[in-house]
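Here the structure is laid out as structure tokens; the discussion comes afterwards.
The values are calculated or read from the model by the stated rules, or taken from the named source; none is laboratory data. A quick note: this is a predicted structure, and the numbers were derived from the prediction, not measured. No Cβ is skipped: glycine too gets one built from the backbone with ideal geometry, and neighbour counts run over all protein chains shown. Please note that ligands, DNA and RNA were not included when accessible areas were found on the heavy atoms of the full protein model with its side chains. Shrake-Rupley method; radii C 1.70, N 1.55, O 1.52, S 1.80 Å.
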Amino acid sequence: MITLATKDDLIQVEMIMKSIKEEMRKEGNPQWGSTDEDYPSVAKLLDDIEKEKMLKFVEDGQIKGVVSLARDTAREYDGLLENSLEDSFIIHRLAVPQEYRKQKIATQLIQYAEVHAKNHQVNVLKSSTEVSNDKMNNFLLRHGFVHKGYYTYEDYPGTYCYYEKEIERS
């Protein structure tokens, strides 16, 4: 079942993020922590929860995956590269611990995001990931996202692949 995460979930969500950060570190992926060991911070996760952006996939009383889904009101990618001007949602912090992979949990979270967007009359999903994050890059491509370009941050390591997915209009 997919629902909004609550403050009561914060410790479990933080543990999921720590496991993913460790996996990324071992794979040489700088996305979540080569210079900032606290990203995503507890404060960032709590902000996602309090602003009702953090979704959780729960089965048998366990959180088996999370994703942050935020409306792109701040035009997050403007200034970094050309991106859709249409109203959109951004997928951030998609995380499924290794022991729960191969169960289509991430797929279900993305499908939920698509339905959520359609219910809000939004037809574009955006996402990005570090170029060395082969798992996420391949996942996005398999799920109909189109690679639109690359960008970097002045104050954060890595090169990032940017993706968009147009959702079929109803």
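A residue that is surrounded by fewer than 19 Cβ atoms within 10 Å (Cβ to Cβ), at pLDDT below 95, part of a strand (DSSP E or B) and not acidic (D, E) cannot be found anywhere in segment 117-127.
N83 passes all but one of (1) farther than 21 Å from D48 by Cβ; (2) of a type outside the set (A, V, I, L, M); (3) assigned to a strand (DSSP E or B); which number fails? The number of the failed condition is (3).
Which residue, of G79, G144, is modelled with pLDDT under 95 and on the phi > 0 side of the Ramachandran plot? If you could, list the steps in order and put the result at the bottom.
On the way: G144 fails: modelled with pLDDT under 95.
Result of the check over G79, G144: G79.
Could you please let me know if P97 is over 30 Å from N123 (Cα atoms), touching a residue at least 40 places away in the same chain (Cβ under 8 Å) and touching a helix residue (DSSP H, G or I) at 6+ places or on another chain (Cβ under 9 Å)? Walk me through it before giving the result.
Working: over 30 Å from N123 (Cα atoms): no; touching a residue at least 40 places away in the same chain (Cβ under 8 Å): yes; touching a helix residue (DSSP H, G or I) at 6+ places or on another chain (Cβ under 9 Å): yes.
No; evaluated as a whole, the condition is false for this residue.
Listed by first and then second residue, the pairs linking a residue in segment 157-169 that is open to solvent by 30 Å² or more (accessible area, probe 1.4 Å) to a residue that is of a type in the set (S, T, Y) and at pLDDT below 95, with Cβ atoms under 7 Å apart and 6 or more places separating them unless they lie on different chains, are P157/S34; P157/T35; T159/T152.
Conditions (1) of a type in the set (D, E); (2) touching a strand residue (DSSP E or B) at 6+ places or on another chain (Cβ under 7 Å); (3) open to solvent by 30 Å² or more (accessible area, probe 1.4 Å); (4) closer than 20 Å to G149 by Cβ, marked per residue:
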site	(1), (2), (3), (4)
E52	yes, yes, yes, no
D60	yes, no, yes, no
S68	no, yes, no, no
L85	no, no, yes, yes
S88	no, yes, no, yes
I91	no, yes, no, yes
E99	yes, no, yes, no
Q103	no, no, yes, no
Q108	no, yes, yes, no
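Checked against (1) farther than 23 Å from F139 by Cβ; (2) β-branched (V, I, T); (3) not in a loop (DSSP other than H, G, I, E, B), V66 passes all but condition (1).
Identify, from the list Y151, Y112, the residue that is among the aromatic types (F, W, Y) and over 22 Å from L81 (Cβ atoms). Please lay out each step first, then the result.
Values: Y151 fails: over 22 Å from L81 (Cβ atoms).
After applying the criteria, what remains is Y112.
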